[in-house]
Amino acid sequence: MANSSAATQHRPATLEKREQILKAAVEIFGNKGSTNGTLADVAEQVGITHAGVLHHFGSKQKLLLEVLDYRDQADVAELAERHIPGDLDLFLHLIRTAYANARRPGIVQAYAVLSAESVTDGHAGREYFEERYTTLRREVATAFQSLCARAGVDDADAAVAHASAAILAVMDGLQLQWLLHPEIVELGEASEFAIRAIVNGVLSPGPDLESYRA
């Protein structure tokens, strides 16, 4: 009983230290990448030993995966159900997320670096990003299908599939441009423009581009 009580008593401090390590890892991996960024770098930033980081996370690979999960939790932190909404609210959530990301460059930088690295052989985050994109494409497609049904748009399956991938691509691509040129690219505004254009393109497609030739 005494040991159990002591564990409970120290749990808040443990959680606080874990979050400090995660925040440091976000910065280190964002600046150096997951290969060049070391646990020693993370430990130094937090003011603990390399062994201290291992005590909380077990390995660099586990810390990397926890960083990715930490990023996901930040996306839904303000939502009552802690889950991405559906239907029209999903698109509005994506827009709000883009504006929120403009206020948290460290998390955006870590995500951009780790997602790019995930295509390399043996990367610890490969499965995470494959599952993430698969899940998000499915959820965005479901939201599109709901909007199409309400708008009376038929035979839009191909457009929905393309649009679902395009929304995710444009959001990630704009994050990269914003990290490189934050004084030029307005992340929230540009993301909102693109998402609105893609949604409108599915619900009310305009003429083919060829029609604009003089």
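Throughout, read-outs are computed from the coordinates displayed, never taken from laboratory work. What you see is a predicted model, and the numbers here were worked out from it, not measured in a lab. Cβ: placed from backbone, ideal geometry, glycine included. Neighbour counts: every protein chain shown.
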List the DSSP H helices in the chain whose Cα atoms stretch 20 Å or more along the helix axis and whose mean Kyte-Doolittle hydropathy is at least -0.5. 87-101, 157-180, 187-203
May I ask you to derive the relative contact order of region 76-205, considering only C-alpha pairs under 8 Å and at least 6 residues apart, and to give it as an integer percent? 32 percent
About its Cα centre, how strong a charge dipole does the chain have in debye, to the nearest 20, once Lys and Arg get +1 and Asp and Glu get -1 at the Cβ? 640 debye
Provide, for q = 0.14, 0.27 Å⁻¹, the log10 of I(q)/I(0) from a solvent-free Debye sum over equal Cα point scatterers in region 136-213. -0.53, -1.19
Efficiency of FRET from Cβ geometry, residue 180 and residue 38, R₀ 35 Å, rounded to 0.05: 0.90
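Expected output is a single nm value to one decimal: the length gained when fully extending between residue 62 and residue 45, i.e. 0.36 nm times separation in residues minus the C-alpha distance. What is it?
4.3 nm
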Taking Cα atoms of region 23-136, Rg/Rh with Kirkwood Rh, to two decimals? 1.00
Taking all pairs of distinct Cα atoms, average 1/r, flip it, and tell me the Kirkwood hydrodynamic radius of the chain in Å to one decimal place. 19.4 Å
Would you kindly state how much longer the chain becomes between residue 103 and residue 141 on full extension, computed as 0.36 nm times their sequence separation minus their alpha carbon distance, in nm to one decimal? 10.9 nm
